[in-house]
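**Student:** Structure in structure tokens, see below.
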Amino acid sequence: MAEIIEYLKSPELVVKVQEFFGIEYLHRKDRGKTDWTGEKGGQSVGNGNARLPSSGPEEDDSVGGSSSSSTGNESDEDRKEMKPYRITNQFWYWVFIIGTELGDEIFYATFIPFWFWNIDSAVGRRVVMLWSATMYVGQSLKDVIRWPRPGYPVSRLQKKWALEYGMPSTHAMVSVAIPFSVLIYTHERYIYSLPAGLAFAIVWCAVICLSRLYLGMHSVLDIIAGLILVLALMVPLIPLVDWLDDIIVKGRWSPIFVLSLSILIIVFYPDSGMWTPTRGDTVLTVSVCAGIEVGAWLHYILGDFSAPASPPPYEIIWPSYAMLGMLLLRTVLGLCCVVATRAFGKSLSYAFVCFLLGRDKNELRQSANTLENKNKIIVELSYKFFTYGMIGFNTQYLLPNVFKLLRIGRPDFYTEI
């Protein structure tokens, strides 16, 4: 078993996946003189797994040194720009570049609001709660296990997330949590082809998982662990989330419970022993979920929500040209408001918390990212909790009401409880 784990964890296996999809390692052309690990006579220098996450140059464009095709006459600047690999298949490159963004903040910030405003908010709340729970568990385990991302000889095609640990892959967890939870929560609610939905979810999952290997950001073991973990979590979470959403939306004191629980799990997030951006990313998911649930509760308490006229399953209504125009208008207007909320909320909350702590906000922004810098940690977590909580609240409550006033709202929005 130990040998299997080491094999799945090895950077060399990641390199094989990269080469299969068209990444050519240039320094492997000269294997007669020096092998691809950089040692004469085929002696390995190790796989680099002992390294901590780093933002140094080895992450992206200098892993493995300069390529064997160099002539020795290049300037220092030329050598800095040289990469030890070459992309030989542009199709897979762009598929995986787009695929990895399906687990990024930009995707969440567009997909979640789009789903709420144009498809189904009841399903959306459940998917967001499941996403938040799985992300919290996955991100916490990263900072507990503290396994670094694949090291030498892997070339990382992406610098983002390099400061985070690698085990388990939260991209892999999200690749299952979002599409399969959508499938589970909609298959009895709407009439559509389940095999087609299942095929779409599997392709979605495969593209995201392979993208993390292709970009050199995870080992195969990271991906497998993420997939096993999310499947194990979804078994109890699917029914629990369904039950919790109904309790939260209809409960009298729900906001106190939601906000208190959110703050507690952020405060007692596991200590990683060093600064990583993982904790801040976790606050994002938790606060968005909290804001959405509080927004849904306010809808119900004010009497906006009502039971649907008929029970599911429902026919899927494909949009006419007029409906499509409304959809685009809601999406564009809403996303502009989300961007404005993020900018305003971040600026206001950052300055306010700095004022409470008696610190200059500009000085604090430029200070070092370390666990010893307690003030910066407090400010970072506080502004993210407030800002993304407001984004979640506006997505569920404020913006749908604005759409209603402008007569561009989705007609069935207020029947989704």
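The values are calculated or read from the model by the stated rules, or taken from the named source; none is laboratory data. Just so you know, these numbers come straight off a predicted model, no measurement behind them. Neighbour counts run over all protein chains shown; Cβ positions are idealised from the backbone, glycine included. Each accessible area value is taken on the protein alone, full model and side chains, heavy atoms only, with ligands, DNA and RNA left out. Shrake-Rupley method; radii C 1.70, N 1.55, O 1.52, S 1.80 Å.
**Student:** List the chymotrypsin sites (Phe, Trp or Tyr not before Pro) within region 187-269 that DSSP assigns to loop and that have no more than 10 neighbouring Cβ atoms inside 10 Å. Could you put the intermediate results ahead of the total?
**Tutor:** Values: sites: Y190, Y192, F200, W204, Y214, W243, W253, F257, F268; in loops: Y192, W253, F268.
For chymotrypsin sites (Phe, Trp or Tyr not before Pro) across region 187-269 that sit outside H, G, I, E and B with at most 10 neighbouring Cβ atoms in 10 Å, the list reads W253, F268.
**Student:** Additional query: Leaving out ligands and nucleic acids, and using a 1.4 Å probe, what accessible area per residue does region 194-293 come to in Å²?
**Tutor:** Numbers: 4350 Å² over 100 residues.
The answer is 43 Å² per residue.
**Student:** List the relative contact order of the chain as a percent without decimals, with contacts defined as Cα pairs under 8 Å and 6+ residues apart. Intermediate results must be reported in sequence, preceding the final value.
**Tutor:** Numbers: 591 pairs, mean separation 82.8, N = 417.
Relative contact order comes out at 20 percent.
**Student:** At 7 Å along Cα-to-Cβ for each site, give me the label-to-label distance between L324 and A309 in nm.
**Tutor:** According to this spin-label approximation, the distance is 2.6 nm.
**Student:** Just reorder L221, L259 by solvent-accessible area, largest first, 1.4 Å probe, all chains present. Please list the in-between numbers first.
**Tutor:** Values: L221 25, L259 75 Å².
Ranked list, largest accessible area first: L259, L221.
**Student:** What length, rounded to one decimal in nm, is gained on full extension from K159 through to I377, with 0.36 nm per residue of separation minus their alpha-carbon distance? Let's see the in-between values first.
**Tutor:** Details: separation 218, 0.36 × 218 = 78.48 nm, distance 2.24 nm.
My answer for the length gained is 76.2 nm.
**Student:** Ok, one more. Just to verify a number: what accessible area does C205 come out at with the full protein assembly present, 1.4 Å probe, Å² rounded to tens?
**Tutor:** 20 Å²
**Student:** To the nearest 500 deg cm²/dmol, what mean residue ellipticity at 222 nm is calculated for the chain from DSSP H runs of n ≥ 4 alone, each contributing -39,500 (n - 2.57), summed and divided by the residues?
**Tutor:** -20000 deg cm²/dmol
**Student:** Of W147, W117, which has the most accessible area with a 1.4 Å probe, and how do the rest follow in descending order? Each step should come with its number before you reach the end.
**Tutor:** Details: W147 75, W117 5 Å².
Sorted by accessible area, descending: W147, W117.
**Student:** Let me ask something else. On a 0 to 90° scale, report how tilted helix 321-357 is relative to the longest principal axis of the chain, with both axes built from alpha carbons and the result rounded to the nearest 10.
**Tutor:** On a 0 to 90 degree scale, this one is about 70.
**Student:** For the chain, with all protein chains present and a 1.4 Å probe, just round the carbon and sulfur fraction of the accessible area to a whole percent. Don't skip to the end; give the middle numbers.
**Tutor:** Numbers: 13680 of 20550 Å².
Carbon-and-sulfur percentage of accessible area, whole number: 67.
**Student:** As a test of reading the structure, rank E372, E164 by solvent-accessible area (1.4 Å probe, protein chains only), most first. Kindly include the intermediate steps, with their values, before the conclusion.
**Tutor:** Numbers: E372 150, E164 5 Å².
Ranking E372, E164 by accessible area, largest first, yields E372, E164.
**Student:** A further question follows. If you count only protein heavy atoms and use a 1.4 Å probe, how large is the accessible surface of Y314, to the nearest 10 Å²?
**Tutor:** Rounded to the nearest 10, the figure is 50 Å².
**Student:** Per-residue accessible area for T370 at 1.4 Å probe radius, Å² rounded to 10?
**Tutor:** About 50 Å², rounded to the nearest 10.
**Student:** Rounded if a/c is under 1.5, else prolate if a/b beats b/c, else oblate: with a ≥ b ≥ c from the C-alpha gyration tensor eigenvalues square-rooted, which is region 281-353? If you can, show how the numbers build up before the last one.
**Tutor:** Values: a/c = 2.59, a/b = 1.52, b/c = 1.70.
Oblate, since a/c reaches 1.5 and b/c is not below a/b.
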